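The values are calculated or read from the model by the stated rules, or taken from the named source; none is laboratory data. What you see is a predicted model; the values in this text were computed from it and never measured. Cβ sites come from the backbone with ideal geometry, for glycine too, and all protein chains shown count toward neighbours.
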Amino acid sequence: MLSPLVRTLTILASDLRPGDVIAVGGIPHRVRDVREVYPARKRVEFEDGNAYVVARTRTIDVTRCYEP
């Protein structure tokens, strides 16, 4: 059985998806849900209940797991 491949990527907030891990203030948070709330904003909800609203064009470093 192959182990999942973990990569760190720099993406736009418009490309966020559930399961991504984002470090906020040095603390990793796993994304639970991403929704568009304003014409150019995304609401990112984390598994711990925190949520942030970010511009769709904001660049973010995320960690993603890929199944081989």
Residue within the range 60-67 that is touching a Pro at 6+ places or on another chain (Cβ under 6 Å), in a loop (DSSP other than H, G, I, E, B) and at pLDDT below 95 present = yes
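Quick one: is Arg56 of a type outside the set (Val, Ile, Thr), surrounded by 13 or more Cβ atoms within 10 Å (Cβ to Cβ) and free of Cβ contacts under 8 Å to residues at least 40 places away in the same chain? Let's see the steps before the verdict.
Details: of a type outside the set (Val, Ile, Thr): yes; surrounded by 13 or more Cβ atoms within 10 Å (Cβ to Cβ): yes; free of Cβ contacts under 8 Å to residues at least 40 places away in the same chain: no.
For Arg56, the condition - of a type outside the set (Val, Ile, Thr), surrounded by 13 or more Cβ atoms within 10 Å (Cβ to Cβ) and free of Cβ contacts under 8 Å to residues at least 40 places away in the same chain - is not met.
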